[in-house]
Amino acid sequence: MNCSDWEERIALHAGRDLPPAEAAEVERHLRECAGCQVLASGLKQSLALLKEAHDEPLAAAHFSAVRARVVAELEKERRPLWQRAWAYGLAAVAVGLLVMLALRPGRAPVVTRTNRSLTFAALSPPAHEQAGNGGEVVAPLHRRVARRQASRVPAPQVVRTNVSNGEPLIVKLLTDDPNVVIYWIADRKKGD
Amino acid sequence: MPKITYTFSLLRQFYLMERMKTLALVATVGPIYGPEDRCGPRGRPLEAAKAGDLAAFELLMRQYERLVLVTALRLLGVLEDAQDASQEVFLRLYRNLSRMEASSNFPGWLYQVTVNVCHDMHRKRCVPAPMEEVAELPALTADPQRTVVEAERRRALEMSLRMLSEKERAALVLRDLEGLSTEEVARVLGTTEATVRSQTSKARVKVRDFLERYFRRRT
């Protein structure tokens, strides 16, 4: 048998990985073969050197660093709800501010009751138009102006005419977009 | 007023009980830097850690930190990477605590997860750490000669492990450095004992060849 065939078994023997019968066979060969004796002693020496180097203690700081990182990570994950409440509070404040901005006095619509219509106007119509149409329509011209001054829209003017009972109530909502006009028609009983 | 006093006394009792519980945990786990308990942690710290006690979990970490960090260091070769791997292993342990029993094979589970995490890190790491990093010698201490010898030995160990394939390295580290049996190594690596034997024998021969050349060149 060639010595290279013994290599694997000698390597296993160096780490005491062979069953007794095979180990005895390897030892018998080692007594007869000088080359394999060199291999076996080299294997044992290198394994001993590796083990010595491996057993050298690591600095305690390396372990404590890992521990600290793990604990910090776990604490971050387990942080109770009240500690995260500031985020929810901040969100609530932001929503409140948005609502306040949306409902600020300069933009608040004024509802007017007339006999035929309620008008939400983006701009106050001139006096001659109000007199002519009885307060039921706001001139489209002002919508163009309104578009130009979209950043600051003045409060709509209240238009009031004589209200007679029994006629349907018509609410016309003029939006900032001239293409969108909303009508709301409601039946009214006498005495309403 | 008596009600307040009563409440205070209850709180004090609770505080004392908690303190005693912590001391009992320390006593159960044993010496902080002692050798790993191969049979797994005793019930109490495990149960306390399962209940969310971070102090108890820290005790568990102390018990097994050497096993995890040193194995990761041998498999990855770079301390920073090994620390990252250890962190991941312990986080996985925490997330799997509910499935653990006092009788569970803790070291086996930890070796398995450590090998898997290191394997994943190896694959993600495109560029291997340069050899110069291994070659760096630590600063000289009180005994310069001893320091040089230790550093030389450590460098030889690191470089010879780098010569091996990933599977050979894992088999050698677990069998020869960590001292697991061939059967345990096979279980951790999810392979057969015959494969482990083949891998360790090849690894041993490669390491021996490398070290022979290495020390011949140095002298």
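Throughout, read-outs are computed from the coordinates displayed, never taken from laboratory work. Worth saying up front: this structure is predicted, and the values here are computed from it rather than measured. A quick note on method: Cβ atoms are made from the backbone with ideal geometry, for glycine too, and the neighbour counts reach across all protein chains shown.
Data for the structure
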item	result
Solvent-free Debye scattering, log10 I(q)/I(0), computed from the Cα coordinates of the range B:53-111 at q = 0.21, 0.27, 0.30 Å⁻¹	-0.81, -1.20, -1.35
Shielding by other protein chains, A:5-14, mean Cβ within 10 Å	4
Ordering of B:116-122, B:173-179 by burial proxy (mean other Cβ atoms within 10 Å per residue, highest first)	B:173-179, B:116-122
For peptides A:17-29, B:66-78, sequence by mean Cβ density within 10 Å, most packed first	B:66-78, A:17-29
Average beta carbon contacts from partner chains per residue of B:102-115, 10 Å cutoff	0
Average partner coverage of B:193-201, which counts Cβ from other chains inside 10 Å	3
For the range B:194-208, 3J(HN,Hα) per residue [Karplus equation, 6.51 cos²θ - 1.76 cosθ + 1.60, θ = phi - 60°, Hz, x = Gly/Pro]	4, 5, 4, 4, 4, 5, 5, 5, 4, 5, 5, 5, 4, 5, 4
The range A:1-96 - Rg over Rh from alpha carbon coordinates, Kirkwood radius	1.57
Debye intensity ratio in log₁₀ form over the Cα atoms of the range B:141-219, taken at each q of 0.23 Å⁻¹	-0.98
